[in-house]
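**Q** Can you read through this structure? Questions will come right after.
The values are calculated or read from the model by the stated rules, or taken from the named source; none is laboratory data. Values in this document were obtained by computation on a predicted structure and should not be read as measured data. Positions of Cβ are generated from backbone atoms using ideal geometry, with glycine treated the same way; all protein chains shown enter the neighbour counts. For the accessible areas, the whole protein counts, side chains as well, though only heavy atoms, and no ligand, DNA or RNA atoms are used. Shrake-Rupley method; radii C 1.70, N 1.55, O 1.52, S 1.80 Å.
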Amino acid sequence: MPREPKPHAPESQDPDDHLIASNYLNGRYPWRDPAEQVPYGRVLLIAAKLKWSPAAVVVRLGALGYADIQRSEGPLPDAVEPDDALLITSVDTRFGVTPVDIDKTVSLRQIIESAARAERSPADVARRMTAYGYQVGTGARPLPETANPRDVALISTSRRGEWLGWGDEVSGHHALGVAQDLSCSPHFAAKRLVELGLRLPYTPEPGDERLLKYADVPGGGWIGRWGAAPVAHILAVARDTGRSPADIIARLSELGCQRPGGNATDTPEPDDLVLLSENLDGRLPWLMKNDVVGLQVRHILRAALVTGRTPAQVAERLATLGHWLHENANLPETADEADIRLLETVTRSYLDNVHLQDVLRSASLTGRSPADVAARLTELGYRLPDEVTYPDVLPGVRDA
């Protein structure tokens, strides 16, 4: 079966004619088939490249044998600014470099990605495309007049190339997720999504900023899509804002957050934030709930020394706040610095067995004998399953 002849270069030697006829507007093969319709957007791209009027481009296309030229409903624009070529070029690169289709409503993605590429505001891009005869979709409000490169990620819903469209409803979970990916405030993400014409199940409020920031750490310390606010964060926000813990938790739920990691009581005690702070100073970083092995006994003992409570009282209050103690743990009646120093050397949890090497390590770090370490860890509830006779002195140390 004979092959269809390929389009050939125009007979003219004019470089402008070669650019007009080239498929990729670069003046080189492959050449565009004169039997195919010339898209309206291609006319505008040629005008931008050559700095001709679109009308002059149409005339020259006809002279080169391109008779079927797509038109917009309105008159041709007088000129096309070269910088506007990015706006007219489709951001969907699956089919190579192609102009935006005049017969379809311009997508929100096209506006946002064009704005990012051209470093212009979405509102400016929408105005320019409307001026060129394109039908631009609209949301509930005018597009932002400020440029922001994060907009592209805000409207992306998956790594598979799925995008939000004009007026789509998005969840608070989406706002939390993109904010986490961008390391920015979820409140900023929510506000910007609304400005882009998208609909959230809540109205962003300035107070959300304080509710959503639970720590000062790299990446912002914002509550993420799968994260939960520490109970101390709820109590600290309640103290600082005068809002009830129940009101704060309800608002965080509206914002798409998970339930807090603990029980935020409406009857806080004066030293709750001390008990719930890792450094026992009532400030960040807050104690995170451990749903696998529970509270560390050394935190309870340190908290007892700081607050004057007994270890049992500290454990009871922390349990009320949602932090549980493992059932194998045996709390001493009083807190002792020696126990705290010993527990700081233990890398095993109450779910693990403590073996000979673990005992010897703790003995070396504390200056206690292996037998003393093994006995005390057993009293505190750790499992030492090895049948070992532990020496009463440190290895390498002889009695005088």
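**Q** Kindly establish whether LEU86 is in contact with a helix residue (DSSP H, G or I) (Cβ under 8 Å, 6 or more places away or on another chain) and either open to solvent by 30 Å² or more (accessible area, probe 1.4 Å) or without any contact (Cβ under 8 Å) to a residue 24 or more places away in the chain (or both).
**A** Yes: the conditions hold for LEU86.
**Q** Can you tell me which residues in segment 32-52 are within 15 Å of ASP16 (Cα to Cα) and open to solvent by 40 Å² or more (accessible area, probe 1.4 Å)?
**A** LYS49, LYS51, TRP52
**Q** If you don't mind, there's one more thing I want to ask. Report, by residue number, each residue of segment 353-377 that is free of Cβ contacts under 8 Å to residues at least 24 places away in the same chain and of a type in the set (D, E, K, R).
**A** Matches in segment 353-377: ASP358, ARG361, ASP372.
**Q** Would you confirm whether any residue within segment 389-398 is over 43 Å from the mean Cα position of the chain (by Cα), touching a residue at least 24 places away in the same chain (Cβ under 8 Å) and closer than 22 Å to ALA303 by Cβ?
**A** no
**Q** Next up: For ALA56, indicate whether it is open to solvent by 30 Å² or more (accessible area, probe 1.4 Å), of a type in the set (A, V, I, L, M, F, W, C) and at pLDDT below 95.
**A** Judged against the criteria, ALA56 is not a match.
**Q** Okay, next question. When residues of segment 310-328 are filtered for being out of contact with any Phe, Trp or Tyr (no Cβ under 6 Å at 6 or more places or on another chain), in contact (Cβ under 8 Å) with a residue 24 or more places away in the chain and either among the hydrophobic types (A, V, I, L, M, F, W, C) or over 19 Å from ALA229 (Cβ atoms) (or both), how many remain?
**A** The total comes to 8.
**Q** Which condition number in (1) closer than 24 Å to PRO82 by Cβ; (2) crowded, with 22+ Cβ neighbours inside 10 Å; (3) at pLDDT below 95; (4) touching a strand residue (DSSP E or B) at 6+ places or on another chain (Cβ under 7 Å) is the one that LEU143 fails?
**A** (4)
**Q** Now for a separate question. Answer yes or no as to whether LYS6 is charged (D, E, K, R) and in contact with a Leu (Cβ under 9 Å, 6 or more places away or on another chain).
**A** Taking the combined requirement at face value, the residue does not satisfy it.
Yes or no, residue by residue, for (1) touching a helix residue (DSSP H, G or I) at 6+ places or on another chain (Cβ under 9 Å); (2) within 28 Å of LEU200 (Cβ to Cβ):
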site	(1), (2)
SER244	yes, yes
ILE248	yes, yes
CYS257	yes, yes
ASN263	yes, no
ASP281	yes, no
VAL293	no, no
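**Q** Now for a separate question. Within segment 256-290, which residues are open to solvent by less than 60 Å² (accessible area, probe 1.4 Å) and of a type in the set (S, T, N, Q)?
**A** THR265, SER277
**Q** Oh, and also: Are there helices (runs of 4 or more DSSP H) fully within segment 1-107 with at least 3 residues that are farther than 30 Å from ILE155 by Cβ? List them.
**A** Ranges flagged: 15-21, 54-63.
**Q** Could you identify the single residue in LEU331, LEU305, LEU318, LEU380 that is over 21 Å from SER277 (Cα atoms) and of a type outside the set (Asp, Glu)?
**A** LEU380
**Q** Filter segment 23-57 for residues that are within 41 Å of the chain's Cα centre (by Cα) and over 18 Å from PRO77 (Cβ atoms) and give the result.
**A** Within segment 23-57, ASN23, TYR24, LEU25, ASN26 qualify.
**Q** Please specify each residue of segment 193-223 satisfying the condition of being among the charged types (D, E, K, R) and in a helix (DSSP H, G or I).
**A** GLU195, ASP208, GLU209, ARG210
**Q** Then there is this: Taking segment 308-337 as the region of interest, how many residues are over 19 Å from SER349 (Cα atoms), more than 38 Å from the chain's Cα centre (by Cα) and surrounded by 18 or more Cβ atoms within 10 Å (Cβ to Cβ)?
**A** 2
**Q** Just give me the residues in segment 58-83 being within 41 Å of the chain's Cα centre (by Cα), closer than 16 Å to PRO39 by Cβ and of a type outside the set (Gly, Ala, Ser), in sequence order.
**A** The one that is within 41 Å of the chain's Cα centre (by Cα), closer than 16 Å to PRO39 by Cβ and of a type outside the set (Gly, Ala, Ser): VAL80.
**Q** Okay, next question. Open to solvent by 30 Å² or more (accessible area, probe 1.4 Å) and aliphatic (A, V, I, L, M): does that describe VAL231?
**A** no
**Q** Please work out which residue is most open to solvent (accessible area, probe 1.4 Å), limiting yourself to segment 163-192 and to residues that are aliphatic (A, V, I, L, M) and part of a helix (DSSP H, G or I).
**A** LEU182
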